[in-house]
Amino acid sequence: MAKSFKVLLPLLLILLPLGAQESAAPVFPEQTLEVPEETPVVAEETPARVLELPALAAPETPATLAEAAALGSEHFQGRPLRRRIFPPTQRFTPPPPTVPAGDRAAPIPGLDQPLTQRYLRQYSSPAGLAWLKEVMERARPYLGFVREEIAERGLPAELLYLPVIESGYLPTAVSRSGAAGLWQFMRNSMTPFNMRVDDWLDERMDFWKSTQGALRKLEENYQALGNWPMALAAYNAGLGGIRQVSRRAGSDDYWKLSEQKALRTETIHYVPKLLAVAEILCQPRKYGLDLWQESPEWVRVPVEKIVDLDMVAREAGIEEALLRQGNRELLYNTSPPAAGYLLKVPAESAAQVEEVLKRGGLELVRNYYHTIRYGDTLSALALHYGVTVALIEGANPGIRSTALRIGSRLKIPALKEAAPYTRNNGPPSESFTGSYLVRKGDTLWSIALAHDTDPMDLAQVNNMDINGILREGRTLKVPIR
């Protein structure tokens, strides 16, 4: 009986509750007890319990617990003790998951879920298949690039079809909330992913930059949450919001959270939609869809000046529509005037495009030309032609908006179709039935300002030049207010 107690005593000591009171450390036979390492946590006020284990000499370590019991307690007398610290009992918060790299590209689970199966039936209906066919035709220019980016990162193949759910693979799509592009970035979420919006472009609609940004964002979500359904939910609803839901519900299982209605309705339907669409588009023949031809490889060519894409395409022998599709972020189909823009062109045509861009004396932007007449202003011209005053000034070095010379010729970049500019020289739209007696110091400008009317209209109605001399005592026609 005593021998059995010696054998069981070490095991009982390990199984002691951590909150138990301290007792004298027993003397063990020579045996190294392997204690599983705990996940590091921050200790609360409860003091840690210290267990003293003997430091053993490796050559004398017995092979079994029975051998250790047989050696007797005398074996350890006079030997130093080894200290092992057990963390106190406390509430445990799991650390961020460490996910094996090989699991990242595994198929996303959930195809057998009831909601996924419901969407599978809907998308595989005749109307659903017709819609998918149209979307994939629209996606042709971008599929090859997105597929390659996904493969290089070792991500699940289903992500190729996430833009089907997000934007219908339309790079110029803009949601009611203001999200834009294939991957539907908001303005407040695009900056970390090297995208910008200005008067010339909206890089959320750049298929190259937005794809790289979206995949990076999905990777970060996956590393933070540990599984793809939750990573996708975070892409839809925000990483912070999904973390909060997960902590509150005590679960990181997307399907359980959906079943509990812990997620927003849109997020509950988000992953099932993707999995249903991916199931059909990954094997289109099974569902009666024709295969679609993907676009050639894209490369980027630096542009150092403002150029019109249609003119570049014609000079380089590229289909104009294809070059437009590759650069949908350009708001005017024209590259920004500042150097550094990267024009996306088919790889097979890159050499021709580079040659066209370097060719001297070749005008690659359409321009309107306007001869300055009396009363013209740069702001009125800019408004009419859909450009900025700064752009007109940049196209006409030396011009000053405050000192336009009548008869001089202006060059105005043609960013949109516009008729030649003419001031409205017809009769004024308002009625000039009142009268005003000119006083000393009056000008047509000051009188027009006082009567809240256009000075040009005031001059026209009174058969005067806008800068003509007003004689004191003259009666002018003015509108009645």
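The values are calculated or read from the model by the stated rules, or taken from the named source; none is laboratory data. Computed from a predicted structure; not experimentally measured. Virtual Cβ from ideal backbone geometry, glycine too; neighbours counted across all protein chains shown.
Restricting attention to segment 444-466, report how many residues are over 17 Å from Arg423 (Cα atoms) and within 56 Å of the chain's Cα centre (by Cα). Total satisfying the criteria: 9. Here the condition is being over 23 Å from Trp183 (Cα atoms) and either touching a strand residue (DSSP E or B) at 6+ places or on another chain (Cβ under 7 Å) or not aromatic (Phe, Trp, Tyr) (or both); of Val299, Val271, Val245, it holds for Val245 alone. Restricting segment 210-228 to residues that are free of Cβ contacts under 8 Å to residues at least 24 places away in the same chain and within 16 Å of Glu166 (Cβ to Cβ), the residue that is surrounded by the fewest Cβ atoms within 10 Å (Cβ to Cβ) is Arg216. Residue-level analysis places Gly398 among those that are surrounded by fewer than 16 Cβ atoms within 10 Å (Cβ to Cβ), without any contact (Cβ under 8 Å) to a residue 24 or more places away in the chain and not in a helix (DSSP H, G or I). Being in contact (Cβ under 8 Å) with a residue 40 or more places away in the chain and part of a helix (DSSP H, G or I) is the filter here, so list the residues in segment 118-127 that pass it. Correct list: Arg118, Tyr119, Leu120, Gln122, Tyr123. So, Asp442, is that one of a type in the set (Asp, Glu), crowded, with 16+ Cβ neighbours inside 10 Å, not in a loop (DSSP other than H, G, I, E, B) and not assigned by TED's automatic domain parsing to the domain that holds Leu309 or not? No: the conditions fail for Asp442. Considering segment 156-188 alone, what residues qualify as being of a type in the set (Ser, Thr, Tyr), touching a helix residue (DSSP H, G or I) at 6+ places or on another chain (Cβ under 7 Å) and crowded, with 18+ Cβ neighbours inside 10 Å? Across segment 156-188, the qualifying residues are Tyr161, Tyr169. Quickly run through segment 445-475 and pick out the residues that are surrounded by 15 or more Cβ atoms within 10 Å (Cβ to Cβ), aliphatic (A, V, I, L, M) and either in a loop (DSSP other than H, G, I, E, B) or assigned by TED's automatic domain parsing to the domain that holds Thr377 (or both). Once the filter is applied, which keeps residues that are surrounded by 15 or more Cβ atoms within 10 Å (Cβ to Cβ), aliphatic (A, V, I, L, M) and either in a loop (DSSP other than H, G, I, E, B) or assigned by TED's automatic domain parsing to the domain that holds Thr377 (or both), segment 445-475 yields Met464, Ile466, Leu470. Contact annotation: residue pairs with Cβ atoms under 7 Å, 6 or more positions apart or on different chains, pairing a residue in segment 459-476 that is closer than 15 Å to Lys440 by Cβ with a partner that is outside any loop (DSSP other than H, G, I, E, B) and β-branched (Val, Ile, Thr), are Leu476/Ile447.
Among residues of segment 409-438 being surrounded by fewer than 12 Cβ atoms within 10 Å (Cβ to Cβ) and at pLDDT 85 or above, the one that is nearest to Gly394 (Cα to Cα) is Arg409.
Can you tell me which residue among Arg196, Arg153, Arg138, Arg204 is surrounded by fewer than 21 Cβ atoms within 10 Å (Cβ to Cβ), within 29 Å of Leu291 (Cα to Cα), touching a helix residue (DSSP H, G or I) at 6+ places or on another chain (Cβ under 7 Å) and basic (Lys, Arg)? The unique qualifying residue is Arg153.
Among the candidates Gly360, Gly386, Gly398, the residue that is farther than 25 Å from Arg324 by Cα and of a type in the set (Gly, Ala, Ser) is uniquely Gly398.
The rows are residues; the columns are (1) without any contact (Cβ under 8 Å) to a residue 24 or more places away in the chain; (2) outside the structural domain of Asn221 (by TED's automatic domain parsing); (3) of a type in the set (Asp, Glu); (4) within 19 Å of Leu275 (Cβ to Cβ).
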residue: Leu111; (1), (2), (3), (4): no, no, no, yes
residue: Met136; (1), (2), (3), (4): no, no, no, yes
residue: Leu170; (1), (2), (3), (4): no, no, no, no
residue: Arg196; (1), (2), (3), (4): yes, no, no, no
